[in-house]
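Data first, discussion second: the structure below is written as structure tokens.
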């Protein structure tokens, strides 16, 4: 009996130590990320003007995102593995991904460049980060006005694609827990049809290690799956949307 009690106590102590260590690592990461973001945002605000949009993304946004995810990898042990890079088309198109955390918003900036992203307007109000983000012309929508938001995504997204810029869309509209994705809005599918381009579906389980429900980061390896491009010319908007969601759902099921 005493041996069993002792073992249980030791396991409890081990878990407590591991939790404390994870908490410390997460705190150090957030502090490092905040310092890095403020520093880089100030550089962007001061020196971004001479650069064209494509160089702005490659030099400023991609660099910021690369350093940010590697800080998380170095400090918190959050690594990643990408499958399907060969499916990335040579010509920019609409990218549709499930949304579980902040991690994928950073990582996908490093994967596809130059890129614009559909975001909620509120993000542009965040000090330093939002001020700098505004300089790279994201598609900032008001989610309370769905009709205007869809039109804005279609107009600004089509203009970006015509200039060979990738357009990243999280059709769930908000972060969802790991598992099956939430309901997809048709904005991404509608844009792809209007611009006569393909859709590149991407699935990941970042929320397992960078959970939306907790600020603590858990060490492990995020799986990222890049699917074959979805041809849109012979499909309706609804069919394109369902095809993308179905592929992402199947990919997520293999990550359980």
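Read-outs throughout are calculated quantities, based only on the coordinates presented, and are distinct from any laboratory measurement. Nothing here was measured: the structure is a model prediction, and the numbers come from that model. Cβ placement follows ideal geometry from the backbone for every residue including glycine, while neighbour counts extend to all protein chains displayed.
Brief remarks follow.
- Axis angle, to the nearest 10 degrees, between helix 237-253 and the longest C-alpha principal axis of the chain: 20 degrees.
- Between 41, 194, 160, the GNM of the chain built on Cα springs shorter than 10 angstrom shows 194 fluctuating the most.
- 162, 225, 104, 239 arranged by Cβ crowding within 10 Å, fewest neighbours leading: 162, 239, 225, 104
- Nearest 10 degrees, 0 to 90: helix 146-162 Cα axis against the chain principal axis: 80
- Three semi-axes describe the equivalent ellipsoid of the chain; taken as square roots of 5 times the Cα gyration tensor eigenvalues and ordered largest first, they are 34, 24, 15 Å.
- The residues 88, 75, when put in order of fewest to most other Cβ atoms within 10 Å, stand as 88, 75.
- Helix 62-76 vs. the chain, principal-axis angle (Cα, 0 to 90°, nearest 10): 20
- Here the chain carries DSSP beta bridges of which approximately 15% are antiparallel, counting only pairs with both residues inside.
- Among 78, 167, 94: highest mean-square fluctuation, GNM of the chain, C-alpha pairs under 10 Å: 78
- Over region 30-146, the hull volume per residue, using the convex hull of the C-alpha atoms, is 127 Å³.
- Distance in nm between pseudo-label sites at residue 24 and residue 254 (7 Å out along the Cβ direction from Cα): 3.9
- Region 22-147: relative contact order as a whole-number percent, Cα under 8 Å and 6+ apart: 35
- Ranked list, fewest to most other Cβ atoms within 10 Å of each Cβ, for 93, 72: 93, 72
- Relative contact order computed over region 2-253 (Cα-Cα under 8 Å; 6+ residues apart), in percent: 25
- Compared with the direct C-alpha span, the chain from residue 246 to residue 38 gains 71.0 nm at full extension, assuming 0.36 nm per residue.
- For the options 32, 101, 214, a Gaussian network treatment of the chain with springs between C-alpha atoms closer than 10 Å singles out 214 as fluctuating the most.
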